[in-house]
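Take a look at the structure set out below.
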Amino acid sequence: MNGFKFGMEDKVQIKASGEIGLIKGRAQHANACNGYRLHYKGADGRAVYDWWDETDLELVTVADDVSI
């Protein structure tokens with residue numbers, strides 16, 4: 001895959017859980033999809049930094065926007 005789908009500080013949603021966070025890092029791999037380090041508030045209320053595959057995330061639009 002060429003380039004990145006999301007930019008630094010973009011607000012994205014984790015498709016599986018609905019949790020919303022900000023992109024804080026990116027990784028591009030030769031033999032795997034792009035990865036993103038996401039800072040978000042977990043369902044249990046903790047602040048979380050974790051890596052997610054590009055396919056697991058979707059951009060939050062203005063209509064979807066909620067505070068994190």
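Couple of notes before you dig in:
- Cβ pairs under 8 Å, 6+ apart, first in the stretch 4-17 and under 11 Å from W52 (Cβ atoms), second among the small types (G, A, S) and at pLDDT below 95: S17/A43
- Applying the criterion of at least 1 residues that are at pLDDT 95 or above, surrounded by 15 or more Cβ atoms within 10 Å (Cβ to Cβ) and small (G, A, S) to the strands (runs of 3 or more DSSP E) found wholly in the chain leaves 20-27, 35-41.
The values are calculated or read from the model by the stated rules, or taken from the named source; none is laboratory data. Note that the structure is a prediction, hence the values are computed from the model and not measured. Neighbour counts run over all protein chains shown; Cβ positions are idealised from the backbone, glycine included.
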